[in-house]
Amino acid sequence: YFLLILCIQIECIKKGAHECVHITTKLAKNGDGSTSKSCLSCDPALPTCHSTCQKMIDQMYHVCDDVCLPYNYYYDANFKLSGCWNEVKPNIKIAVERCGCNPASNNYSINNWLILIS
């Protein structure tokens, strides 16, 4: 019984990590901070978020919440932010804001509240 629960929990972690890796890979393809299409770690900092970034950032905050990425996987294109989401979240916030974007505009939580109210 214990082994079954453990296996189910591991599958949930793998699924969450898979979705998180997928969205962080998409964000990395937008740029490493040195291009105008970058969504994270812009240098120099940008005043406005590129049109493709905010939706992906919102998705990253949603699917990566409570996820620990496997070894050699990163949240950013510069291969600096890895490990568990809750530990790197403050650094992600800074990286997102450097590109003029909002860290998790909370679209997901608003939708969840609307469902609960309905």
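Values in this text are rule-based calculations from the coordinates and carry no lab data. Because the structure is a prediction, the values reported are computed rather than measured. When we count neighbours, we look across all protein chains shown, and the Cβ atoms used for this are built from the backbone with ideal geometry, even at glycine.
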Taking each pair of distinct Cα atoms in the range 11-102 once, what is the resulting Kirkwood hydrodynamic radius in Å? 12.8 Å
Using DSSP to call loops (not H, G, I, E or B), can you name the trypsin sites (Lys or Arg not before Pro) in the range 29-67 whose Cβ has at most 13 other Cβ atoms within 10 angstrom? Lys37
Please tell me the relative contact order of the range 20-70 in percent, rounded to the nearest whole number, where contacts are Cα pairs under 8 Å and at least six residues apart. 35 percent
Packing rank of 94-100, 17-23, where each peptide gets the mean count of other beta carbons within 10 Å, highest leading: 94-100, 17-23
The answer for Cys68, listing residues at least 5 apart or on another chain whose modeled amide H is closer than 5 Å to its amide H, is Trp85
